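Remarks on the structure that follows.
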Amino acid sequence: MEQKVLENFLEFEGKTAVVTGACGGIGSAIVRKLCKNGARVACVDREEGDSFKEFAESTAMFSADVSDEESVKETIEQIKKRFGQIDILINAAGVGGMCARTEEYVFSDFKRIYEINVFGTFLMMKYVLPVMQKQQKGAIVNFGSVSGQRGYPYEIGYGSSKWAVIGMTKNAACENGKNGVRINSVSPGWVDTNMMKKTIKGYRSVVKNDCMENVNLGPMERPAKAEEIAHAVLFLCSDKASYLNGTDILVDGGKTLE
Ligand SMILES: NC(=O)c1ccc[n+]([C@@H]2O[C@H](COP(=O)([O-])OP(=O)(O)OC[C@H]3O[C@@H](n4cnc5c(N)ncnc54)[C@H](O)[C@@H]3O)[C@@H](O)[C@H]2O)c1
């Protein structure tokens, strides 16, 4: 019953959303919630994954690499042709990269993280913003992290990329807002997805004995479910968040309090 009230609370009927990282843990939860709330969703990912069969009428898959400018440009053109409008952009595509001390961090791995997390988010905003500006309406949600709010060991690449995403969100938000286009970010703590599993494995390889210092889950003593992050994202895209611009919503169960 409670779930039903929540699903009906936000309405995206007639809206078109673009979700990158749509086949990932958090991205796919966002796609499902948007569809349940009436949106049509362009699902962008470089990997094949969930085909959202139960929402076949409201979804379309686009295979693209967000770090490749031509791929992004072409994909946005295809989405415009297919749907005619873009009301919502959610940049959930991301990679965690390697876990290592700064002096051992491999430069090419560091660059690859930036290409996807930072430049990918930038490129998607660059090519979607003109569409939203023309419509005089739109909402963008980028993905930060608790790693973009505090310093954690062994993730100089990932952590700093998330500081950059939160920063870019504020830069772009300053340039918009009065034209009806809002840009915000969400910063999760641990979320139970493949990325979390890979990251913990990475920590183990560095710390060897005890990696609990890095997998501190915070006072709730559990990771978030992907759906719990999706709820915050849907709120930011909705008209209920009409005065939120350039902000970051921390969805970490209180992890950063400790
Ligand atoms: N899981 C966590 O604990 C956690 C915590 C904080 C922030 N986040 C952020 O949330 C977002 C989603 O993470 P997730 O946990 O769902 O991870 P995930 O690994 O389950 O999904 C990430 C998705 O992004 C896609 N992707 C990666 N590189 C791409 C590229 N170049 N082009 C297109 N698609 C690409 C992958 O194929 C995958 O489907 C990420 O930005 C991540 O940094 C996750």
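What residue, among those in the range 136-155 that are farther than 16 Å from Gly94 by Cβ and crowded, with 21+ Cβ neighbours inside 10 Å, is farthest from the ligand (Cβ to nearest atom)?
Filtering the range 136-155 for residues that are farther than 16 Å from Gly94 by Cβ and crowded, with 21+ Cβ neighbours inside 10 Å, the one farthest from the ligand (Cβ to nearest atom) comes out as Gly138.
Given the conditions (1) farther than 24 Å from Asp109 by Cα; (2) of a type in the set (S, T, N, Q); (3) in a helix (DSSP H, G or I), which single one is not true for Asn184?
Against the list (1) farther than 24 Å from Asp109 by Cα; (2) of a type in the set (S, T, N, Q); (3) in a helix (DSSP H, G or I), Asn184 comes up short only on (3).
Before we move on, is Arg32 within 14 Å of the ligand (Cβ to nearest atom) and either modelled with pLDDT under 95 or in a helix (DSSP H, G or I) (or both)?
Spelling it out, Arg32 is indeed within 14 Å of the ligand (Cβ to nearest atom) and either modelled with pLDDT under 95 or in a helix (DSSP H, G or I) (or both).
Which pairs turn up if I take residues in the range 32-44 that are in contact (Cβ under 8 Å) with a residue 24 or more places away in the chain and under 14 Å from Gly21 (Cα atoms) and look for partners that are of a type in the set (Gly, Ala, Ser) and in a loop (DSSP other than H, G, I, E, B) with beta carbon separation below 8 Å, at least 6 apart in sequence or on another chain?
Val41/Ala22; Val41/Ser58; Cys43/Ala22; Val44/Gly21; Val44/Ala22; Val44/Ala64; Val44/Ala93
Return the total of residues in the range 168-208 being farther than 21 Å from Ile116 by Cβ and without any contact (Cβ under 8 Å) to a residue 60 or more places away in the chain.
So the count comes out to 8.
Does the range 43-60 include one or more residues that are β-branched (Val, Ile, Thr) and either within 13 Å of the ligand (Cβ to nearest atom) or closer than 20 Å to Gln136 by Cα (or both)?
yes
When you go through (1) within 20 Å of Asn184 (Cβ to Cβ); (2) free of Cβ contacts under 8 Å to residues at least 12 places away in the same chain; (3) within 15 Å of the ligand (Cβ to nearest atom) one by one for Met125, which number turns out not to apply?
So Met125 meets the others, but not (2).
The values are calculated or read from the model by the stated rules, or taken from the named source; none is laboratory data. Model, not experiment: these values are computed from the prediction. Neighbour counts are summed over all protein chains in view; Cβ atoms, including those assigned to glycine, are modelled from backbone coordinates with ideal geometry.
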